[in-house]
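Visitor: For reference, the structure I am asking about is given below.
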Amino acid sequence: MKHFVIASVLVIVVTVLIILGLGSIDLVPNLASAEGEYVDLMFRAQLYVISFIFALIIVFILYSVVVFRRKPGDTSDGPHIRGNTTLEITWTVIPLIVVMGFGVWGALHLSEITAQEPNELVVEVTGFQFGWRFEYPDYGVNSSELYLPRDRKVLFRLTSTDVIHSFWIPEFRIKQDAVPGLWTELRVTPTQPGDYRVRCAELCGYAHSAMYAPVVVVEPDEFQAWLEGQEVGTPTPPEDLTPVERGAQLAEQQGCLSCHSIDGSTQVGPTWLGLYGSERPLEDGSTVVADEEYLRTAILDPGSQVVQGFPNIMPPAYTFLSDEELAALVAYLESLSD
Ligand SMILES: [Cu+2]
């Protein structure tokens, strides 16, 4: 009995210490959505239960190891224990109730989070290797930034053009897969104006870790103003842009900028700054001058001339670009050299 009381007190002390310890670390970023309240609540509750169970096991094991260890000179056998039915039933039934409780609680919150609401803002999200596009079908707006008004429920309809991606804004807490050939749904009500980032939470290829898109949560009137500005400006008909402007737009839309920088920094692939006209060392030891022809080949058939020091992982998929688009990209690349 004495041992039991001491061990129980230790369990409580260790539980409190673990909870305080975990509480002092930033486990999750600041919360910025209404639905996230439920997620955080359940996350904290689970953390408390887990801390308690961890303490329970660790304290009893360590206590036994220290207090009931063999005394010097004692060579007798320990007592023979044949099991304890009451204990076994207890440690089966209690966790069962806890786990089922969490299951029911989670299901209730999930149905609340996914519930439809009148006046939802619909945003169609397309994930691609390696970037995101956002369409506001009710307003005819198309954007590479995700603008959202505060305190209005958003219905995201998600899809993908190539492989499975996962739409995730950590501050909103919830995420959903974007699957080619399918529309999946996710509902979120942003509550905190600010700048966030969409990340891809599904390992989807070489530049997966660079698959970001900016998220901007603003007041409703600012959102309206943004929409109106967009309607005037976009979708800008390609023929209204100079080839260089069009190339810059394509580089972003096609996800080239997930792998290539335009500021001289090396990312997954070589930077585009100063590329045109420079001498390119190739993998096979030869060098070529990056003229227009080289740039076209590099885009259409990336494996044919691999730049030294880089893996041959640029997608050979850009043959679908039209002549106009290819010319615009090349013009843009040329504009990055003086
Ligand atoms: Cu992805």
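Any read-out appearing in this document is the output of simple, stated calculations on the displayed coordinates, not a laboratory observation. Everything numeric in this text was worked out from a predicted model, so none of it was measured. Cβ placement follows ideal geometry from the backbone for every residue including glycine, while neighbour counts extend to all protein chains displayed.
Visitor: Please give the length that would be gained between Asp221 and Phe320 if that part of the chain were fully extended, namely 0.36 nm times their separation in residues minus their C-alpha to C-alpha distance (nm, one decimal).
Guide: Numbers: separation 99, 0.36 × 99 = 35.64 nm, distance 3.99 nm.
Gain in length upon complete extension: 31.7 nm.
Visitor: Another question, then. Along each principal axis of its Cα atoms, how long is the chain end to end? Whole angstroms, biggest number first, please.
Guide: Reported extents, whole Å, longest axis first: 87, 59, 34.
Visitor: When DSSP assigns beta bridges and you keep just the ones with both residues in the chain, what percent turn out antiparallel, to the nearest 5? Mind dumping the intermediate values first?
Guide: Details: 29 of 41 bridges.
If we restrict to bridges inside the chain, about 70 percent are antiparallel.
Visitor: Assuming a ≥ b ≥ c are the square roots of the Cα gyration tensor eigenvalues, decide whether segment 115-244 counts as rounded (a/c under 1.5), prolate (otherwise, with a/b larger than b/c) or oblate. Don't skip to the answer; put the middle values down first.
Guide: Working: a/c = 1.58, a/b = 1.06, b/c = 1.49.
Here segment 115-244 falls in the oblate category.
Visitor: A further question on this structure: Rounded to whole Hz and in sequence order, give me ³J(HN,Hα) for segment 185-195 from the Karplus expression 6.51 cos²θ - 1.76 cosθ + 1.60, θ = phi - 60°, writing x for Gly and Pro.
Guide: 10, 8, 10, 8, 10, x, 10, 10, x, x, 9
Visitor: Also, I was wondering about something else. Angle between the Cα long axis of helix 85-113 and the longest principal axis of the chain, 0 to 90 degrees, nearest 10?
Guide: Around 30 degrees separate the two axes.
Visitor: Taking +1 at the Cβ of each Lys and Arg and -1 at the Cβ of each Asp and Glu, which of Gly274, Gly73, Ile58 sits farthest along the dipole of the chain towards its positive end, judged by Cα position relative to the Cα centre?
Guide: Value computed over the given set: Gly73.
Visitor: Separate question: Nearest 10 degrees, 0 to 90: what angle lies between the long axis of helix 35-67 and the longest principal axis of the chain (Cα atoms)?
Guide: Taking the Cα atoms of the chain, the angle to 35-67 is about 40 degrees.
Visitor: Can you give the charge dipole size of segment 125-202 about its Cα centre, rounded to the nearest 20 debye, using +1 on the beta carbon of Lys and Arg and -1 on the beta carbon of Asp and Glu?
Guide: My answer is approximately 220 debye.
Visitor: Applying a 10 Å radius around every beta-carbon, put 314-324, 195-205, 8-18 in order of their mean neighbour count, most first. Display every interim value, and only then the final one.
Guide: Working: 314-324: 13.0, 195-205: 18.4, 8-18: 15.2.
Packing proxy ranking, top to bottom: 195-205, 8-18, 314-324.
Visitor: Could you run the Karplus curve 6.51 cos²θ - 1.76 cosθ + 1.60 with θ = phi - 60° over segment 134-144 and give me ³J(HN,Hα) per residue in whole Hz, x for Gly and Pro?
Guide: Couplings: 10, 10, 10, x, 6, 10, x, 9, 10, 8, 9 Hz.
Visitor: With the dipole of segment 121-233 worked out from charges on the C-beta (+1 for Lys and Arg, -1 for Asp and Glu) around the Cα centre, which of Tyr147, Leu227, Thr191 lies farthest toward the positive end?
Guide: Among Tyr147, Leu227, Thr191, the one farthest towards the positive end of the dipole of segment 121-233 is Thr191.
Visitor: Taking the 0 to 90 degree range and rounding to the nearest ten, how far is the long axis of helix 323-335 tilted relative to the main principal axis of the chain, both from C-alpha atoms?
Guide: For 323-335 against the chain, the angle is about 80 degrees.
Visitor: Rounded to the nearest 5, what % of DSSP beta bridges with both residues in segment 121-233 are antiparallel? Write down the numbers at each step before the final one.
Guide: Details: 24 of 36 bridges.
Expressed as a percentage, antiparallel bridges in segment 121-233 total about 65.
Visitor: Run the quick spin-label model on Thr287 and Asn30: label points 7 Å from Cα toward the beta carbon, then report their separation in nm to one decimal.
Guide: So the label points at Thr287 and Asn30 sit 5.1 nm apart.
Visitor: Take the Cα gyration tensor of segment 238-335, multiply each eigenvalue by 5, square-root it, and list the three semi-axes largest first, rounded to whole angstrom. Write down the numbers at each step before the final one.
Guide: Details: eigenvalues 92, 37, 35 Å².
Rounded to whole Å, the semi-axes are 21, 14, 13.
Visitor: Anyone know which of Leu186, Leu108, Leu257 comes out most mobile in the 10 Å Cα GNM of the chain?
Guide: Highest fluctuation among the options: Leu108.
Visitor: Please list the non-local residues whose amide H lies under 5 Å from the amide H of Leu121, H modeled 1.01 Å from N, same-chain partners needing a gap of 5 or more.
Guide: For Leu121, whose amide H was placed from the backbone, the distant partners under 5 Å are Lys153, Val154, Leu155.
Visitor: Residue by residue through segment 219-229, which ³J(HN,Hα) values in whole Hz follow from phi under the Karplus form 6.51 cos²θ - 1.76 cosθ + 1.60 (θ = phi - 60°), with glycine and proline marked x?
Guide: 5, x, 5, 5, 5, 4, 4, 4, 4, 5, x
Visitor: With only Lys, Arg, Asp and Glu charged, each at its Cβ (+1 for the first two, -1 for the last two), find how big the charge dipole of the chain is about the Cα centre; round to the nearest 20 debye. Write down the numbers at each step before the final one.
Guide: Details: 19 positive and 43 negative charges, 598 e Å.
Around 2880 debye, computed over the chain.
Visitor: With a Förster radius of 45 Å, plug the Cβ-Cβ distance of His3 and Ile164 into 1/(1 + (r/R0)^6) and report the FRET value to the nearest 0.05.
Guide: Efficiency for this residue pair is about 0.25.
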